[in-house]
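Everything below concerns the one structure shown next.
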Amino acid sequence: MGGRRFSVEERARAAEEYFARGMNAQEVVRRLGWPSRSALAAWVRADARFRPHRGGRPRLPERVRAGAVLAYRGGMGLRAAARQCGAAVSSVGGWVMEYEQGPVPSGPGQGGCRMDLDDSLLPDDPEALKAIIRGQRLENDVLREAVDLVRKDPAADPRRLANREKALIAHRLRATHSPASLASRLNLALSSCHYRHARLGRDRHAWLRPLVHEIFGQAKGRYGSRRIHAAPRAGGTRVSEKVVRRVMAQEGLAARSSGKAGRYSSYAGGCSPAPENLLRRDFHAREPGQRWLADITKTKAADGRICLSPVLDCFDGRIVAYSAGRRADAELANSSLSRAIATLGADARPIVHSDRGGHYRRPEWISIMQERKLARSMSAKGCGPHSSAMEGFFGRMKTEATYPEHWERLTCEQAIARTGQCIAWRNAERIRQGLGYQSPDQHRRSHGLMA
């Protein structure tokens, strides 16, 4: 201070600020404007109240400490409460923790009693009392939201929640409490409170919802999240599959799925000598016309039932040909095979695999196969997995179209027409994951195998 000499009264005042108000040397110098920190340190060491051990400094009066705690609980920040009572910010934080969680284990020269905010410590100023009431309401509202909204333990401290949970509580209470008081009570940065409030009020996926509805509608509810996710990607729009799945769940869009599978048996007629199983559950082909699958399924209609006999190409799952009628006879199976053979080139010799149904052991079927020099292959008795690719086609068709569209309410003629539409849509438009999310026709065009 430029060689200034201080009086005994000034030295006593500075020491009183240090010991009685609980301020450190830097805060005392800032408050008084004098002396230097080194001079104040010398005066403090010369005082009889100075003890070099931790905890030797006398605590501020209980009224001062209680006032700081009440100010903080009323919505005031720690710095403002510390500035009001003339104490360090760390001291006010310790007093608040002492009141809310109990005293810190006491050591030599330290008090160990929990602060008691009784009525005698309440201020006489009406505005201060209103601030305390507002603070109590804020605390009650925060605790209630922590229990009801976040589903945490009622005894948990709301300030120890995750930031996202704190922001959600602040968002809910924003109409009745100021953001600053909520941020102070929840120990959340005010900027984070505003940022998360802005994000909570905005739908980040608003642009995606109509697109998902459009694709789901075009697929007639037959697509799940993977295929719907593949459609925007094909158009150059990048979006996560998890986001598509979440949007579908929020919009109540669920792909049609089968219920509990019943017991399946492909056995038909008596057992007789049959060709060997040449595929051995290997349903892959390097080019079209190498491996075919044949089978028959039945579907209920309002005036009877219809039978479908398709021929499936293992190259891409395309239905090469099919026949549909009211009876599952040999004519139905033979006609679908003849239509499939008509699509072959002159040198194509596919393996035709079927179950042991009587239609595929009759002389007419064998004659058609021998005439075109096609290899026969059959599943073992009652073993559906030996033709699982065809069974998968039947299951998806019934799950995606037959059952949800209630074909049982249609006449047989209407159901047969609906079957043709379903197969045409499957060949031309239904995308498959194994084909790079292309339909069988698109896959063949991309490889130059179809005009």
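The values are calculated or read from the model by the stated rules, or taken from the named source; none is laboratory data. Not measured: the values here are computed from a predicted model. Cβ: placed from backbone, ideal geometry, glycine included. Neighbour counts: every protein chain shown. In case anyone asks, the SASA skips ligands and DNA or RNA and just uses the protein heavy atoms, side chains included. Shrake-Rupley method; radii C 1.70, N 1.55, O 1.52, S 1.80 Å.
Leaving ligands, DNA and RNA out of it, work out the accessible area of Y195 with a 1.4 Å probe and give it in Å² to the nearest 10.
130
What part of the accessible area of region 293-451, given as a whole %, is carbon or sulfur when the probe is 1.4 angstrom? Could the numbers behind the result be given before it?
Values: 3460 of 7030 Å².
Here it works out to 49 percent.
On a 28 Å Cα-Cα criterion, which of the cross-link pairs K242/K298; K130/K166; K166/K242; K300/K381; K300/K373 come out too long?
Working: K242/K298 37 Å; K130/K166 25 Å; K166/K242 25 Å; K300/K381 26 Å; K300/K373 36 Å.
Those over the limit are K242/K298; K300/K373.
Once the other residues with Cβ under 15 Å from the Cβ of G217 are scored (Lys, Arg +1; Asp, Glu -1), what is the net sum?
Details: positive: R209, K220, R222, R227, R256, R430; negative: E214, E251, E400, E405, E429.
Value of the local net charge: +1.
Would you check the accessible area of E408, probe 1.4 Å, heavy atoms only, in square angstrom rounded to 10?
My reading of the accessible area for E408 is about 80 Å².
Please get the size of the charge dipole for region 295-414, origin at its Cα centre, with Cβ charges of +1 on Lys and Arg and -1 on Asp and Glu, quoted in debye to the nearest 20. Mind dumping the intermediate values first?
Working: 18 positive and 15 negative charges, 71 e Å.
In debye, rounded to 20, region 295-414 gives about 340.
Among P404, L374, A389, whose Cα sits farthest toward the positive end of the charge dipole of region 365-410 (+1 at Cβ of Lys/Arg, -1 at Cβ of Asp/Glu, about the Cα centre)?
About the Cα centre, the residue reaching furthest to the positive side is L374.
Relative to the present Cα-Cα distance, how much length would full extension add between R79 and A42 at 0.36 nm per residue of separation?
Values: separation 37, 0.36 × 37 = 13.32 nm, distance 2.82 nm.
Gain on extension, R79 to A42, equals 10.5 nm.
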